[in-house]
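Colleague: The structure follows.
None of the figures in this text is laboratory data; all of them are computed from the coordinates on show. What you see is a predicted model, and the numbers here were worked out from it, not measured in a lab. All Cβ positions, even for glycine, are placed from backbone atoms using ideal geometry, and neighbour counts span all protein chains on display.
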Amino acid sequence: MSRISTGVPGLDEMLNGGLLPGRAYLIKGGPGSGKTTLAIHFLMEGVKNGEKCLYITLEEPITTLKEDMGNFGFDLENPNLRLIDATPIGEKRSIFDGVLYQEFAASFEKLTGAINEELKGREYSRVVIDPITMMKLTIKDELEYRRAVIGLLKTIANYNATVLLTSEVGQTDIEEYLVSGVIELVTIRERGKPLRGIAITKFRGSPFDEELRPYKITDRGIEVYSKEVLFHGV
Ligand SMILES: Nc1ncnc2c1ncn2[C@@H]1O[C@H](COP(=O)(O)OP(=O)(O)O)[C@@H](O)[C@H]1O
Ligand SMILES: [Mg+2]
């Protein structure tokens, strides 16, 4: 079966070769754990292969995103990478497809509609929404939120793109049930020092490495050590 590389070799090994195409996955982790960086690895891998990729940011403005990712050696100025800034800027301006932020932030359906319009006929093979939990702010009711996420995933599924959603831990677990796989980034304090670990907690349709593996954020982005364990002797 063909596999989609995440752009992080160690993570691909944990995934038994990579993600399955045309499905949606979730990256869970605390602030600063590397969710955005991992998502950009995934998109730049696509760009490197000549694929068209779409990144929708709901949190970090494009300008700082470009700077931060530039520090890891990623050049986001690429015709095959479309960046959409859907962050709460508080200005009356159109985000995309003529939808004003205020309207859009008030309605998950508007986001889904706008993404649908963006995907039409453009043949994106990779799509990132970072972080999806931002949309939780627009829907208080859990059941409604679940329905909205299902709607969004169904819409994107029509276009055969492989999708990564990011989520802040603790906000909600609903997304985990709705995606084909979950990658968790955890930070543990060991004698005051942070230890970073990455684990796959769900991967439908594929065997995977269930171990918590160490990862590092370096000046080249994320590195996963798929042959090492985070704790020895346990
Ligand atoms: N050169 C570097 N070496 C190590 N860590 C770095 C380096 N540059 C940035 N970082 C860290 O990488 C993380 C990037 O996190 P990011 O992908 O934005 O996380 P999230 O999206 O989960 O909030 C931050 O915690 C930042 O401190
Ligand atoms: Mg982020």
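Colleague: Relative to a virtual label point 7 Å from the Cα of Ala157 in the Cα→beta-carbon direction, which members of segment 172-204 show backbone nitrogen distances below 15 Å?
Modeller: 175-181, 204
Colleague: Provide the percentage of antiparallel DSSP beta bridges, counting only those with both residues in segment 22-184; round to the nearest 5.
Modeller: About 5 percent, rounded to the nearest 5.
Colleague: Continuing with this model, one more query. For segment 110-161 and segment 182-215, what is the separation of their C-alpha centers, rounded to whole Å?
Modeller: So the separation of the two Cα centres works out to 26 Å.
Colleague: Could you please state, rounded to a whole Å, how far the C-alpha centre of segment 1-46 is from the C-alpha centre of segment 64-78?
Modeller: Cα centroid to Cα centroid, the span is 18 Å.
Colleague: Quick one: plug the Kirkwood hydrodynamic radius of segment 122-192 (C-alpha pairs) into Stokes-Einstein at 20 °C, 1.002 mPa s, and report D in µm²/s.
Modeller: The diffusion coefficient I find is 158 µm²/s.
Colleague: Compute the long axis of helix 108-119 from its Cα atoms, compare it with the longest principal axis of the Cα atoms of the chain, and write down the angle in degrees, 0 to 90, nearest 10.
Modeller: Here the helix axis deviates by roughly 90 degrees.
Colleague: Let me ask something else. Sum -39500 (n - 2.57) across every DSSP H segment of at least 4 residues in the chain, then divide by the residue count to get the 222 nm mean residue ellipticity, nearest 500.
Modeller: -8500 deg cm²/dmol
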